[in-house]
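Notes for the one structure printed next.
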Amino acid sequence: MKKLIFLFGLCMFLFSCEEEKLPEVTNPRFSVAYIQEVDSTGVVFAANIYDIGKQKVIEYGFYYGRSQLDLLENGEIVKQAGKPDKFFELKANYSLIKERQYFVAAYIKTSEGITLSEPTNFISQGSTGFIYERIEFPENAYYGDTIRMYARNLTQNISKYKVKINNQQTTVINVTTEYFEFTIPDGATFSKSQDVSFEIEVSEKKLTLYIPFNLREPEFLVDENRFLDFSTLFIIKGKYFRTSSIYVEIIDGQFPYFSDNITVTDSTIAFKPMAFFNTNSPKFNVGIRGQKYLVENNFKIKPTTFDPNQVININSVKRKSVILKGNNFNSFAPYLNPLKIEDNSIEYEVISVTENELEVLFYSNEINQNKTINVSIVNAGIESANKVQVNIIDPRTPIMDLNNGSVRVFRSIGDKIYYISNVKCFRRNLPKKITIINRYIKIAFKT
């Protein structure tokens with residue numbers, strides 16, 4: 001009986017001991033970060049492991065930065081993969097500015113998450129920072145292409161990278177421990193005669209490189225079957241046109257140089273045809289990114305024509321404008337629609353223009369003219385096949401242009417009129433201008 005009581009008491013004792021046993025440790029336990037060594041090349045951090053825990057350890061290391069409140073989110077990191085020994089140390093050799101205060105915390109990353117120690121502070125004496133190794137970019141790079149720069153001691157905080165290409169800020173798009181990547185910015189300018197400057201800043205450490213760099217050359221379309229109207233923008237097509245400055249110069253034309261109001265995309269150069277073109281297959285000198293390129297056979301100009309069988313009657317005294325109809329007039333400026341008139345004594349002025357109509361004023365300095373003229377239009381070096389018949393009618397009589405005194409003393413002989421004015425005798429050929437008679441002639445007047 002005593003034996004049974006003893007066994008029962010022993011069981012109760014063991015049961016009570018099991019209940020008071022401490023819970024099993026699963027998270028790693030370790031010390032705060034120690035500052036082992038500080039010099040101009042960086043800082044050596046260290047920590048002791050008290051209990052590694054039961055979770056699988058993936059990596060360990062230290063977070064450091066200017067603020068102790070956001071080390072995990074925005075701090076720099078030095079790390080090592082795998083499981084640490086009872087004591088571990090690592091060196092931070094980048095993103096440390098001399099005589100600035102920083103905070104550091106040790107960490108261990110497990111399959112369940114990150115365990116971080118309390119931060120401690122130190123004063124930096126500087127660091128080696130990133131060390132450039134090489135740069136890689138496409139042989140014929142273009143705007144938006146990616147450039148990769150290999151280096152050591154790279155921060156993983158992408159916000160601490162700044163890159164300029166020929167003084168133009170660009171965007172860093174990717175960071176690894178071995179390299180970082182950035183794009184060629186739109187506003188960067190390039191010259192074949194000069195190396196390209198790369199201004200790199202990583203965690204306030206700066207480096208400038210000058211490297212030969214070829215941007216892809218523009219390519220111009222050849223298409224002799226593409227016809228453009230004068231009423232629309234002229235568009236040169238191709239590839240790789242992007243530029244911050246451009247000009248277009250027409251070869252064999254009048255008013256040939258354009259530098260304003262040009263719209264450029266990667267594949268088009270658009271401008272108003274504000275010029276006289278001497279051919280329907282124009283050639284251009286195009287200035288892109290400081291280089292001049294000859295552009296041929298990129299497009300042709302549609303011919304300008306008059307509607308057939310047009311007959312216009314004009315009263316030369318009233319001097320009223322008339323409408324000539326056709327198509328493909330240069331609607332950007334009236335003066336860019338030159339007319340061809342068979343009679344040199346007739347002059348004209350284009351008042352207004354649309355794609356299909358010309359408002360024209362015809363006039364002459366000669367009087368008493370009744371004429372029929374044929375008018376054509378010449379654009380892009382081609383004269384229109386259809387012509388407009390213009391009948392100019394002068395309703396005046398010969399004496400209507402004489403002063404009152406001369407009208408009372410004139411005589412018509414054949415196709416001439418003789419009259420006296422200011423004690424001189426004048427003769428007028430009826431279809432021509434007045435001439436002065438330099439010798440006396442006998443004229444009989446009725447009274």
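The values are calculated or read from the model by the stated rules, or taken from the named source; none is laboratory data. Please read these numbers as outputs of a predicted model, since none were measured by experiment. Don't worry about glycine lacking a Cβ; one is built from the backbone with ideal geometry, like all the others, and counts go over all protein chains shown.
Counting just the residues of the stretch 126-164 that are assigned to a strand (DSSP E or B) and of a type in the set (Ser, Thr, Tyr), which one comes out surrounded by the most Cβ atoms within 10 Å (Cβ to Cβ)?
Taking the stretch 126-164 first, the residues assigned to a strand (DSSP E or B) are 131-136, 141, 146-152, 161-164.
Restricting the remaining residues to those that are of a type in the set (Ser, Thr, Tyr) gives 132, 146, 150, 161.
On the way: 132: 14, 146: 14, 150: 15, 161: 21.
So, considering only residues that are assigned to a strand (DSSP E or B) and of a type in the set (Ser, Thr, Tyr), the one surrounded by the most Cβ atoms within 10 Å (Cβ to Cβ) is 161.
Take the stretch 314-342 and flag every residue that is of a type in the set (S, T, N, Q) and without any contact (Cβ under 8 Å) to a residue 40 or more places away in the chain. Before the answer, list the steps.
Step one: list which residues in the stretch 314-342 are of a type in the set (S, T, N, Q), which gives 315-316, 321, 327-328, 330-331, 337.
The one that is of a type in the set (S, T, N, Q) and without any contact (Cβ under 8 Å) to a residue 40 or more places away in the chain: 327.
So which residues in the stretch 169-196 are at pLDDT 95 or above and part of a strand (DSSP E or B), if there are any at all?
If the condition is that a residue be at pLDDT 95 or above and part of a strand (DSSP E or B), then 169, 172, 173, 174, 175, 179, 180, 181, 182, 183 are the ones that fit.
Does residue 115 count as of a type in the set (Ser, Thr, Tyr) and within 27 Å of residue 32 (Cβ to Cβ)?
Values: of a type in the set (Ser, Thr, Tyr): yes; within 27 Å of residue 32 (Cβ to Cβ): yes.
So residue 115 fits the description; yes.
State whether the residues of the stretch 408-420 include one that is modelled with pLDDT of 90 or more, small (Gly, Ala, Ser) and more than 19 Å from residue 315 (Cβ to Cβ). Walk me through how you get there before you give the answer.
Step one: list which residues in the stretch 408-420 are modelled with pLDDT of 90 or more, which gives none.
Among the residues of the stretch 408-420, not one is modelled with pLDDT of 90 or more, small (Gly, Ala, Ser) and more than 19 Å from residue 315 (Cβ to Cβ), which makes the answer no.
Would you check if residue 183 is β-branched (Val, Ile, Thr), within 19 Å of residue 241 (Cβ to Cβ), crowded, with 16+ Cβ neighbours inside 10 Å and touching a strand residue (DSSP E or B) at 6+ places or on another chain (Cβ under 8 Å)?
On the way: β-branched (Val, Ile, Thr): yes; within 19 Å of residue 241 (Cβ to Cβ): yes; crowded, with 16+ Cβ neighbours inside 10 Å: yes; touching a strand residue (DSSP E or B) at 6+ places or on another chain (Cβ under 8 Å): yes.
Answer is yes for this residue.
Is it the case that the stretch 116-124 has a residue that's among the polar types (S, T, N, Q) and part of a strand (DSSP E or B)? Give the derivation first.
Residues of the stretch 116-124 that are among the polar types (S, T, N, Q), as a first pass: 117, 120-121, 124.
Next cut, part of a strand (DSSP E or B) only: 120-121.
Yes, there is a match, as at least one residue in the stretch 116-124 is among the polar types (S, T, N, Q) and part of a strand (DSSP E or B).
Select the strands (runs of 3 or more DSSP E) contained entirely in the stretch 268-377, then report the ones holding at least 2 residues which are over 32 Å from the mean Cα position of the chain (by Cα). Walk me through how you get there before you give the answer.
Details: elements: 268-271, 283-288, 291-295, 311-315, 322-327, 339-341, 346-353, 357-364.
Per the criteria, 311-315, 322-327, 339-341, 346-353, 357-364.
Under 9 Å between Cβ atoms, which residue pairs at least 6 apart in sequence (or on different chains) link something in the stretch 370-393 that is on the phi > 0 side of the Ramachandran plot and assigned by TED's automatic domain parsing to the domain that holds residue 342 with a partner that is hydroxyl-bearing (Ser, Thr, Tyr) and at pLDDT 95 or above?
That search, which allows pairs on different chains as well, returns 380/304.
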